[in-house]
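Heads up: the structure comes next, in structure tokens.
The values are calculated or read from the model by the stated rules, or taken from the named source; none is laboratory data. Here the structure is a predicted model, which means the values were calculated and not measured. Positions of Cβ are generated from backbone atoms using ideal geometry, with glycine treated the same way; all protein chains shown enter the neighbour counts. Ligands, DNA and RNA are stripped out before the accessible areas are found, and what is left, the full protein with its side chains, is counted by its heavy atoms. Shrake-Rupley method; radii C 1.70, N 1.55, O 1.52, S 1.80 Å.
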Amino acid sequence: MPPIPAVPDPASTDPADVLREVFGYTAFRGHQEAIVEHVVGGGDALVLMPTGGGKSLCYQVPAIARHRAGLGVTVVVSPLIALMHDQVGALEEAGVHAAFLNSTLDSAGAQSVERELLSGRLVMLYAAPERITHPRFLAMLDSLHERGQLSLFAIDEAHCVSQWGHDFREEYLQLGVLAERYAGVPRLALTATADEHTRADILERLQLTQARAFVSSFDRPNIRYTIVEKDNARTQLLRFLREEHEGDAGIVYCQSRRKVDETAEWLSAEGWTALPYHAGLDPDLRRRHQDRFLREDGIVMVATVAFGMGIDKPDVRFVAHLDLPKNIEGYYQETGRGGRDGEPADAWMTYGLADVVNQRRMIDESTAGEDFKRLQVGKLDALLAMCESLECRRQRLLGYFGEQSPPCGNCDNCLHPPARWDATEAARKALSCIYRFRQHSGIGYGAGHLIDVLRGKSTDKTKERGHEQLSTFGIGADLSEAQWRGVIRQLIALGHLASEGEYNTLALTDSARAVLRGEVAIELREPREPLPRTRGSRSKSGSGSQRVPRAAATLDAAGQARFSALKAWRSEVAREHNLPAYIVFNDATLSQMAAEAPDSLSALGGISGVGAKKLEAYGRAILRVIEECAE
Ligand code: ADP
Ligand code: ZN
């Protein structure tokens, strides 16, 4: 084998050279290599890869290789204006000439980008979809195309083209024009979420039916899934944060803006650095909060689902849900924002009867068509089945996306198998009590009253309505209130009970009959106290922001000192360049530097994540920081 040159030829069009020289990585991951090869060769592709899987390199490496081969610019379509700035910053840091066009530029700024674009110097241009289909912009693309300088289209977050998806964007529908107008220019669509329906929509609407599909496993093995029964959500959250995530960055999702505000305020009062984020906040404030979350350590973002699309902060250590998401796609997408760096992360949710009732009602009361509602109900049912499951959560989750897998060993059900109990009798008692209500009073009642009657608890209402005379009064005194809530919730989740109208009155469904007759066995999870969790690898030492990040946890004292010094140096550079610190170098790269303490540029260049441009720009400064630590 010929010796590998220390620095690959900066003009090489070989993808492996580009990967090493520009990004400082030694090997492609998963399908990256096959995708890159296919696209460099001019093929169309659909890439499905989970968050953190490495989608960006799938178009960035071909873009660089093709630009070096004289094929011109790659246009990246992205709906995420907030992200473009950071991505372009990261590329420029790596020595790749890139720019973005979006509404944040003034006209002078936009003009200068357009000049760069037409000059052929630009390797990558990020643009919002509505820009791309603008006649003026198309005219520029025409001119590039005529000169053979339009190399590739990358359509990021491609699920936005589908109405079935969860972030539909009208403007994405226009992108079909690229196929017609620039036949012969390869196109690459990428997404982290696509069920069968959405996938078919992407292929059809973007005219990619001839494209090769690269489908990666959706598994995120480093994410631990936990779903706890809602008891007192705030106490439960606080306990989870205190026991597991002191000093970590994370996201707490709530359904309503008001709840976001209240939760953020309460967490702040409890001593956490918690910031609210939702669409009702002033845009400036929202941007400031997002910026702080990206740039500072250990911030807890309390947010509605308006937050998170395209947040590619790699070290989000937990995602907590205080309310039930709409469906599994939403849950998967939101929890997927944790642990992009591959280090352990938690997806934690508290879930209760009211969540089930609320989500069902929101679908009921929406003005959408019946077909759409039915689809939403089906999707909610799949999520509820996962919440109620006694088996591995991950198996359910992946099964939903059409993937078979063995029990994972890294979810609550695998780690602490839930106790089951035969709830057939209890279910029959509850259902028959509801039946009696209708018979006796002609109307239904909500869960609270039902539980009082079952447990034989005398209240004003039980007296007034004459329900103490019902044969079902007190037949369920053997179960606690929490147990009954569990039974009712699970009966709703299983579809044997419906919760209706403004007062959430309970009504039997068709399938309830079989349960009443004892033809269906009901096995439920035992409500339980939250278990103390063991977590061998987690360091609990230190307080708040002083805690040592996992990547550096194995360093000796001298290594720790180097790591701290390198971090301080990195913060300064990040501030100077107005970029998040992880874009300069991520924690994994810094900790490898701290561990190996390289004393030459070539040794430094061998560290994963140190490309040629960064070596040239920062190499000497880093060696100096390391050297000073030795004094
Ligand atoms: P996605 O867009 O799929 O969520 P990214 O493209 O942001 O994921 O990549 C996630 C992280 O993995 C980034 O920090 C990226 O630099 C890193 N990464 C991607 N591919 C490789 C690779 N082949 N070798 C090392 N690190 C990689
Ligand atoms: Zn599992």
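Please give the residues of segment 437-453, grouped as numeric ranges, whose backbone N is less than 20 Å from a label point set 7 Å along the Cα-to-Cβ vector of Ala507. Correct set: 437-451. Protein heavy-atom surface of segment 223-413, 1.4 angstrom probe: 47% of the accessible area is carbon and sulfur, with nucleic acids and ligands not counted.
Only one residue of Gly399, Ser78, Phe307 has its Cα farthest out toward the positive end of the dipole of the chain, where Lys and Arg carry +1 and Asp and Glu -1 on Cβ, and that residue is Gly399. For the peptides 102-113, 273-284, 510-521, the ranking by mean Cβ contacts within 10 Å, running from highest to lowest, is 273-284, 510-521, 102-113.
Candidate cross-link partners of Lys463 among the lysines, defined by an alpha-carbon separation under 23 Å and a same-chain spacing of 8 or more, comprise Lys429.
Of the solvent-accessible surface of segment 550-629, computed with a 1.4 Å probe and all protein chains present, 48% belongs to carbon and sulfur.
Leaving ligands, DNA and RNA out of it, report the carbon-plus-sulfur percent of the accessible area of segment 99-152 at a 1.4 Å probe.
Percent of accessible area from carbon and sulfur atoms in segment 99-152: 52.
Every helix of 4 or more DSSP H residues in the chain counts as -39500 (n - 2.57), and over all residues that averages to -13500 deg cm²/dmol at 222 nm. Taking each of Lys567/Lys614; Lys259/Lys457; Lys313/Lys379 in turn, the alpha-carbon distance tops 21 angstrom for Lys259/Lys457; Lys313/Lys379. Annotation: per residue accessible area for the chain equals 44 Å², rounded to a whole number [probe 1.4 Å, protein chains only]. Length gained on full extension, Asp478 to Val377: 33.0 nm, using 0.36 nm per residue less the C-alpha separation. Max-minus-min Cα coordinates of the chain on each principal axis give 88, 63, 50 Å, with the largest extent listed first. Here segment 223-413 is treated with +1 on each Lys and Arg Cβ and -1 on each Asp and Glu Cβ, and its dipole about the Cα centre works out to around 300 debye. Rolling a 1.4 Å probe across all protein chains gives Thr209 an accessible area of roughly 100 Å².
Quick one: Cα centre-to-centre distance for segment 594-625 and segment 260-278, in angstrom? Here the two parts' Cα centres lie 40 Å apart. Positive contributions from Lys and Arg (+1) and negative ones from Asp and Glu (-1), summed over other residues with Cβ under 10 Å from the Cβ of Leu579, come out at -2. For Glu576, Glu468, the ranking by accessible surface with the largest value first comes to Glu576, Glu468, using a 1.4 Å probe. Ranking Lys379, Lys613 from most to least accessible surface, computed with a 1.4 Å probe over the protein chains only, gives Lys613, Lys379.
Each of Lys457, Lys614, Lys230 has its accessible area taken with a 1.4 Å probe; listed largest first, they run Lys457, Lys230, Lys614.
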